[in-house]
Each structure stands twice: as C-alpha cells, then as structure tokens.
C-alpha cells in the first residue's frame, strides 16, 4: 500500500499545475536584476522585484521580454483579486489604446481571474514569463495557474516593463538601470 501511495504522489507531481513547486523551480538559476517600490498617492502598495538568469542587454522592451523572467510582487496592503484583475485590464487597455477588441478583453479578463488571487499585506504574487508561450502565476510560492496566451502574457508584463508603463522610474529600477 505504501508503495502505491508513493507512486501516486510521484505521478501527481509530474502533472503540470497539480502539485507544482515554487516559482523558483521554473527559473532555477535566476537572480534578482532590480527592485523598487510602487506607490499610489504616497502609499506603498508593493515591492517589485525582477528575476532573470541573466540581465537584459538593453532596456529595449523587445530585449527585456526576450527571455524567461519572474516578476515578484510583495504586497504591503490587502487587495481583492477582482481589483487586481480590473486594474491589470485597465492598464493593458491604456497601453494598447483601442487596438483590443471587446472579445479579447473579455477573454483576457477571464484568464487573469483564474490566476490572480486575493492578497493580504506580506503576501507574494509572482508571474513567470516564458516568451512565445505564456506565463505561470504563483501566490506565496504555490502555483495558482497559468496563461497559455503569449500575447496576453506579453501585454500583462508590459504593465511594468514596457515603455508605456505608468511608473518609468520603477521600470528602470526593475531593469537594474537605476537605484
């Protein structure tokens, strides 16, 4: 019986998304490239960290998003998942203007609703981006799900790392270009 249980546990850990490990398992050789705090109306909302196996060779958005990385957010405040989803969609729409159809926005909203969770002060949300594939999301080092849409994944991480980010100082800090 113990052998069967051990075999079952081993089989479950091999299935994607069932018993996944920490985000660090997805990027085992990553190190922090940069970090900074995001503030809104003077209140600290979260600390952001960018982790990659190697630093980007430039701050050109095409180069920044050319290799796998993890964006790690440590929250200073409680925020509901729906608020995270709504704010993410609003920022994606702001960046992309009118180029996104209502259908696409609806699909992306649903996808983000499946992977983003409520956070409390001290909680950590991490997104691991894989170019041309999508992203995996983690809450406090446990996988919450994945987005298999590379366009959505790129748009989502552009909120922080793209040239049209709302906080260019934080972007430069994440990329290791400023302190």
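Considering only segment 153-168, I want to know if a residue exists there that is surrounded by 15 or more Cβ atoms within 10 Å (Cβ to Cβ) and farther than 18 Å from residue 112 by Cβ.
Yes - at least one qualifying residue is present in segment 153-168.
Any idea how many residues of segment 116-133 are at pLDDT 95 or above, on the phi > 0 side of the Ramachandran plot and in contact with a helix residue (DSSP H, G or I) (Cβ under 7 Å, 6 or more places away or on another chain)?
The number of residues fulfilling the criteria is 0.
Being in contact with a helix residue (DSSP H, G or I) (Cβ under 7 Å, 6 or more places away or on another chain) and either at pLDDT 90 or above or exposed (fewer than 14 other Cβ atoms within 10 Å of the Cβ) (or both) is true for just one of 89, 79. Which residue is that? Walk me through how you get there before you give the answer.
Values: 79 fails: in contact with a helix residue (DSSP H, G or I) (Cβ under 7 Å, 6 or more places away or on another chain).
None of the others qualify; the one that does is 89.
Within segment 71-90, does at least one residue satisfy the condition of being over 21 Å from residue 47 (Cα atoms) and more than 15 Å from the chain's Cα centre (by Cα)?
Start the filter on segment 71-90 by keeping residues that are over 21 Å from residue 47 (Cα atoms), which leaves none.
No, there is no match, as no residue in segment 71-90 is over 21 Å from residue 47 (Cα atoms) and more than 15 Å from the chain's Cα centre (by Cα).
Across segment 134-145, what is the number of residues that are in contact with a helix residue (DSSP H, G or I) (Cβ under 7 Å, 6 or more places away or on another chain) and at pLDDT 95 or above?
7
Return the residue satisfying two criteria in turn: it lies in segment 2-53 and is surrounded by fewer than 10 Cβ atoms within 10 Å (Cβ to Cβ) and within 22 Å of residue 147 (Cα to Cα), and of such residues it is modelled with the highest pLDDT.
Per the criteria, the residue is 28.
The values are calculated or read from the model by the stated rules, or taken from the named source; none is laboratory data. The structure displayed is predicted, hence computed values, not measured ones. Neighbour counts are summed over all protein chains in view; Cβ atoms, including those assigned to glycine, are modelled from backbone coordinates with ideal geometry.
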